[in-house]
Amino acid sequence: MALYELESDFNIIDLEWKAKYGYSPIEHLKTRMKTLTSLIEKIERKDLPLTQEAIKQEIRDIAGVRIVTSFIEDVYLLKEHIEHREDIRLIRVKDYIKEPKNSGYKSLHLLVETQVILSNEIIWVPAEIQIRTTAMDFWASTEHKLNYKYQGESIPEEAQKQLFELSNASFLLDKEMSKLRHQLLSGETILNE
Ligand code: 0O2
C-alpha cells in the first residue's frame, strides 16, 4: 500500500513539473519490497528479538523507493519537497552524500512514514526513500553486482580501494555536470571560461 502511494505521489510530481516547467528532477524511480532473506539478515545483524513489535520499531525499510535524478541539486530539491508534504512525515535523514559510507557509497536516505487511507481509518506506514544521481546509482548498482560474488566474505582490499576511487571519480562527473548546468542556466558561455 505504501509503495502504491509513494509511486503515485512521485509520478504525479514528475508529470506536474514536466508540464509546468518542462523539466522534472525525477529521472526515474523504482520501488521494491525488502526480500525475506534481506529482512532475516537485518534482524540477525541487529540482533533483534523475533517479536512483531521489535521488527516494526527497528526495521523501517520494508517498503523502499529509489528516485534517480540527473543533478545533485535535484536530490535536495526533492528532499525539500518531501519535507513540505502533508501526506509524508520525515522521520530521519541519512545523508551518505555529505558523509559517504566507507565503501564509497553515496545516496540520500530518508526514513519516512506515508499516509495510507483505508476504508475506515488512516494509517502511517514506514518506508525508506533513497534519492541519488544517475552517477551514484550507476556506481551503487555496479558495486552491488561486483560484491555479490563475495557475499558473506569481504571483497579483496585492492578492489575495495579501486571501488572507493571510482566513487570519487563518478562524483567528479556529478560536480562537473552541475557546474555546466549552472553556467548554461546563468547564460555564461563556455567559451568565456
Ligand atoms: P535491501 O534492498 O534492503 O535488501 P541501519 O538501520 O541504519 O542500521 P541499514 O538500513 O541497513 O541499517 O543501513 P543503510 O546503509 O542506511 O541502508 C542500507 C541500504 O543502503 C542497502 O540496502 C543498499 O540499498 C544501500 N547501501 C548501503 N551501503 C551500500 C554500499 O556500500 N553499496 C551499495 N551498493 N549499496 C549500499 P540493502 O540492505 O543492501 O538491500
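Where a number appears in this text, it was derived from the coordinates with a stated rule and is not lab data. Note that the coordinates shown come from a computational prediction; the quantities given were computed from them, not determined experimentally. As a convention, Cβ positions derive from the backbone with ideal geometry for all residues, glycine included, and neighbour counts pool all protein chains shown.
What to note about this one:
- Mean projected area of the Cα convex hull of the chain, taken over all directions, amounts to 13.9 nm².
- Counted charge near I122, where neighbours are those whose Cβ lies closer than 13 Å (Asp, Glu -1; Lys, Arg +1): -4
- Sites L166 and Q52, calculated FRET efficiency, Cβ-Cβ separation with R0 45 Å, nearest 0.05: 0.65
- DSSP H segments from the chain that extend 27 Å or more along their own axis, Cα-based, with Kyte-Doolittle mean of -1.0 or above: 2-21, 157-185
- Förster-model FRET efficiency, 45 Å R0, T35 and H182, C-beta, rounded to 0.05: 0.65
- Listed residue (N168, I13, Y150) projecting farthest to the positive dipole end of the chain, Cβ model: Y150
- Gain on full extension, evaluated as 0.36 nm per residue between K20 and L173 minus their Cα-Cα distance, stands at 52.2 nm.
- Cβ-placed point charges (K, R +1; D, E -1), dipole of the chain about Cα centre in debye, nearest 20: 240 debye
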